[in-house]
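Notes follow once the structure below has been shown.
The values are calculated or read from the model by the stated rules, or taken from the named source; none is laboratory data. Predicted, not measured: the structure shown is a model, and the values here were computed from it. Methodologically, a virtual Cβ is constructed for each residue, glycine included, from the backbone with ideal geometry; neighbour enumeration extends over all protein chains shown.
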Amino acid sequence: MKKFLIVGFAGAALGLSACGATASLDGAVSSLGSSADLQVHVTASASGAGTAQAQPVLNALSLDVDYSNPTGAPLSQSDGKANVEMIVNAGGTPFVDAREVSGALYLEVNVSVLSKIPSVSLSASEVAAAQLLLGNRWFEVPTSLLASSFKETSTIKADATKEQAAATKIADALEKLVDTTPYTTLSSGGYSQTGSLASVAQAVLPTIESLGGSSSGANSVKGTYTLTLTTSGTSATGASVAITAPNGTHGDATVDLTATLAHASDSVVAPANPTVVTRSMLEGLLAEAK
């Protein structure tokens, strides 16, 4: 999960760094892992034809992802062992807070915040019942419970390895694409690039076909993408990707994902006095959810 998110949010920066870029851009990309902590704040928006219902929902939601190397060394030296915290916010208030610290998973849910998300329809009694069960409590899911709950652990690991290899191939193909597509330098600091979605589809076709996917219709993909990396001096401060494509017969629609980056000293640690989830408790929670 940690590796996937870092690749996703920094994808624009990593791609643009291959565009024959200057040393200052390379330094900005390297800055992402140059300290022990990294904070990423992600928002999404939609505009254009057929997005009226999605707009208020996306406006109400945001995501905070914090990375922390427990050794205090730069994240680039964490060797995949950095602690991570993911917070889903609704109306600016944390709804789900999940942390992975030293291999253990911690979770806190504030069910009452659901009312801040448009189109979510839960009765007051349903919210109160769920909040009584889950709200304002940290739960710890031990690694041993996760392992014992999934008997196909070896299969899962094999699938994960296969998926990671495919993701690496796709990332390499996209980096090569971005490398050969012109980019512009922003006067405010940073870089931007626009290309076609058809070129993206064609770039990842070999990997998709190797996984058993189909290449039919790739050349007819409509729309464009825009990748942007903002910088301050030699540090990356943000990245975004905007995709514009036809939305049926209604016209073009645009979805924009924007991330701001910071390096405050904010370590990700385990919460105090969590409720340790046991197998019987997990089975009871699942039954209650049903």
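Just a few scattered comments:
- Restricting region 89-128 to residues that are β-branched (Val, Ile, Thr) and at pLDDT below 80 leaves a set whose member that is nearest to Val277 (Cα to Cα) is Val127.
- All of (1) under 24 Å from Leu132 (Cβ atoms); (2) surrounded by 16 or more Cβ atoms within 10 Å (Cβ to Cβ) hold for Thr93 with one exception: (2).
- Restricting region 89-132 to residues that are part of a loop (DSSP other than H, G, I, E, B) and out of contact with any strand residue (DSSP E or B) (no Cβ under 8 Å at 6 or more places or on another chain), the residue that is nearest to Val40 (Cα to Cα): Gly91
- Residue pairs meeting the criteria (Cβ under 7 Å; at least 6 apart or on separate chains; first over 17 Å from Gln39 (Cα atoms), in region 86-100; second small (Gly, Ala, Ser) and surrounded by 15 or more Cβ atoms within 10 Å (Cβ to Cβ)): Ala90/Ala60; Gly91/Ala60
- For Gly80, the test of being part of a loop (DSSP other than H, G, I, E, B) and in contact with a strand residue (DSSP E or B) (Cβ under 8 Å, 6 or more places away or on another chain) is failed.
- Candidates Ala239, Ala264, filtered to the one that is of a type outside the set (Ser, Thr, Tyr), part of a loop (DSSP other than H, G, I, E, B) and in contact (Cβ under 8 Å) with a residue 60 or more places away in the chain: Ala264
- Residue match in region 47-62 (condition: of a type in the set (Ser, Thr, Tyr) and loosely packed, with under 14 Cβ neighbours inside 10 Å): no
Here is a yes/no grid of residues against (1) at pLDDT 95 or above; (2) touching a strand residue (DSSP E or B) at 6+ places or on another chain (Cβ under 7 Å); (3) among the aliphatic types (A, V, I, L, M):
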| position | (1), (2), (3) |
| --- | --- |
| Gly50 | no, yes, no |
| Gln53 | no, no, no |
| Pro74 | no, no, no |
| Ile87 | yes, yes, yes |
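- Taken over region 129-154, residues that are at pLDDT below 70 and of a type in the set (Asp, Glu) amount to 1.
- Within region 216-223, the presence of a residue that is in contact with a Cys (Cβ under 7 Å, 6 or more places away or on another chain) and either at pLDDT 80 or above or part of a loop (DSSP other than H, G, I, E, B) (or both) is excluded.
- If the condition is being surrounded by 14 or more Cβ atoms within 10 Å (Cβ to Cβ) and either modelled with pLDDT of 90 or more or under 27 Å from Ser188 (Cα atoms) (or both), then region 247-265 contributes Asp252, Ala253, Thr254, Val255, Asp256, Leu257, Thr258, Ala259, Thr260, Leu261, Ala262, His263.
- Candidates Glu209, Glu163, Glu175, filtered to the one that is under 27 Å from His263 (Cβ atoms) and at pLDDT below 80: Glu175
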